[in-house]
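First the structure, in the form of structure tokens, and then the observations on it.
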Amino acid sequence: MENWIDAILFGCALVAFVLGLSSIIMGFLPQANSENVMQTRVEYGFFGMSGLVVFFLFVYALTVN
């Protein structure tokens with residue numbers, strides 16, 4: 001019962017990793033009838049990379065703690 005913070009950090013890290021990776025994958029998928037294809041790919045790439053950065057911050061917080 002004393003490692004609640006580690007469990008919450010692990011859960012947040014897992015969610016950030018899944019969201020980041022799925023955003024990057026969705027950026028590579030073809031867009032159906034989209035006007036700004038490059039804009040959507042850049043947005044998905046940005047959200048994917050920021051999700052992975054948040055994931056690595058949570059992993060760092062887990063290892064330091």
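Consider segment 1-39 and keep the residues that are polar (S, T, N, Q) and either part of a loop (DSSP other than H, G, I, E, B) or in contact with a strand residue (DSSP E or B) (Cβ under 7 Å, 6 or more places away or on another chain) (or both). The one that is farthest from VAL64 (Cα to Cα) is ASN33. Has segment 25-41 got any residue that is within 15 Å of the chain's Cα centre (by Cα), without any contact (Cβ under 8 Å) to a residue 60 or more places away in the chain and within 21 Å of THR63 (Cα to Cα)? No, segment 25-41 contains no residue that is within 15 Å of the chain's Cα centre (by Cα), without any contact (Cβ under 8 Å) to a residue 60 or more places away in the chain and within 21 Å of THR63 (Cα to Cα).
Throughout, read-outs are computed from the coordinates displayed, never taken from laboratory work. Note that this is a predicted model, so its numbers are computed, not measured. Backbone-built Cβ (ideal geometry, glycine too); neighbour counts: all protein chains shown.
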